[in-house]
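The values are calculated or read from the model by the stated rules, or taken from the named source; none is laboratory data. The structure presented is a predicted model; accordingly, all values stated were derived computationally and were not measured. Ideal geometry is used to build each Cβ from the backbone, glycine not excepted, and the neighbour counts take in all protein chains shown.
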């Protein structure tokens, strides 16, 4: 347990890595995602701040991004390059000698009992020196407040958010400003009259549970109160799943073609799983219908393993259970790993 938790979040990470490789792109709107093809229908993985100023960000349909920013630089994703850059940053964080919990390519928690502001400044300085990347640092008394604080520090700054200034800073904001509460959940909370963080914090967990469910309701109330972990998981970062997806150039409504595409994706995932040397316990399917409605389902594999046919079989059953009533524009297959014996909690997402 650490007295202070720091959340380190790299600024426009994927775009920043691409700009490092192509310095001439600095200052220009850069959009990364998919294959880079002008006619593809994927979504944006990330965009530079210059692109975000025009309403193009993560999750924006690529075709919409091209309409909004026809003069932007569009680049395909290069996951190997991003993983290498991420590893370099995490090595810098571990070099502080403080506990580090990696929670993604571009973010991590760091715990400390020392001066958190001095450590934050050191981290920003060392990351820039050793990797030429910029990061913001949120300082908090738990993980939730630290992560929330980072949003106020971006880009490249430091912000502190603790129990002392939680409601002064967050109280009048929409619950959607809290990590873990999305647009749909915020709408459901609004139906209960909970339109601010303060209102959510003052709500009775049972009342919110009646609308959001026995787990999600109390969880949302805890977020409103600024509650989070004070202990970090410092073990090796272990992905919980591997996934593949594809966006079709033309919508597909032929059931046989959809099954064939699901089978192909399942075997691609199986190849990824083989490299992990871990068994799959559950399979997920993502289906995006025209124009942009997305459905996801998952189911367990009877006998955990790595066989592509077994993964495909579960995915096809999920597809048939969904029975898409509109043409399909995107399919995705996800393989969720069984918890390894030496890491009983199965890693972090």
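Do you know which of the residues in the range 266-290 that are in a loop (DSSP other than H, G, I, E, B) and touching a strand residue (DSSP E or B) at 6+ places or on another chain (Cβ under 8 Å) is modelled with the highest pLDDT?
Let us first name the residues in the range 266-290 that are in a loop (DSSP other than H, G, I, E, B), namely 277-279, 290.
Among the residues that remain, those that are also touching a strand residue (DSSP E or B) at 6+ places or on another chain (Cβ under 8 Å) are: 278-279, 290.
Values: 278: 83, 279: 88, 290: 78.
By that ranking, first place goes to 279.
May I ask you to list the residues in the range 77-98 that are surrounded by 13 or more Cβ atoms within 10 Å (Cβ to Cβ), assigned to a helix (DSSP H, G or I) and either touching a helix residue (DSSP H, G or I) at 6+ places or on another chain (Cβ under 9 Å) or not assigned by TED's automatic domain parsing to the domain that holds residue 12 (or both)? Passing the criteria: 81, 82, 85, 86, 88, 89, 92, 93. Residues being closer than 22 Å to residue 30 by Cβ and modelled with pLDDT of 90 or more are entirely absent from the range 90-103.
Yes or no: the range 182-205 includes at least one residue that is in contact (Cβ under 8 Å) with a residue 60 or more places away in the chain, under 20 Å from the mean Cα position of the chain (by Cα) and surrounded by 14 or more Cβ atoms within 10 Å (Cβ to Cβ). Give the derivation first.
Keep residues of the range 182-205 that are in contact (Cβ under 8 Å) with a residue 60 or more places away in the chain, which gives none.
No.
For the range 281-300, filtering for residues that are more than 16 Å from residue 330 (Cα to Cα) and either surrounded by 14 or more Cβ atoms within 10 Å (Cβ to Cβ) or free of Cβ contacts under 8 Å to residues at least 12 places away in the same chain (or both) leaves 5. In the set 320, 261, only one residue is closer than 21 Å to residue 33 by Cβ, over 20 Å from the mean Cα position of the chain (by Cα) and at pLDDT 90 or above; that residue is 261.
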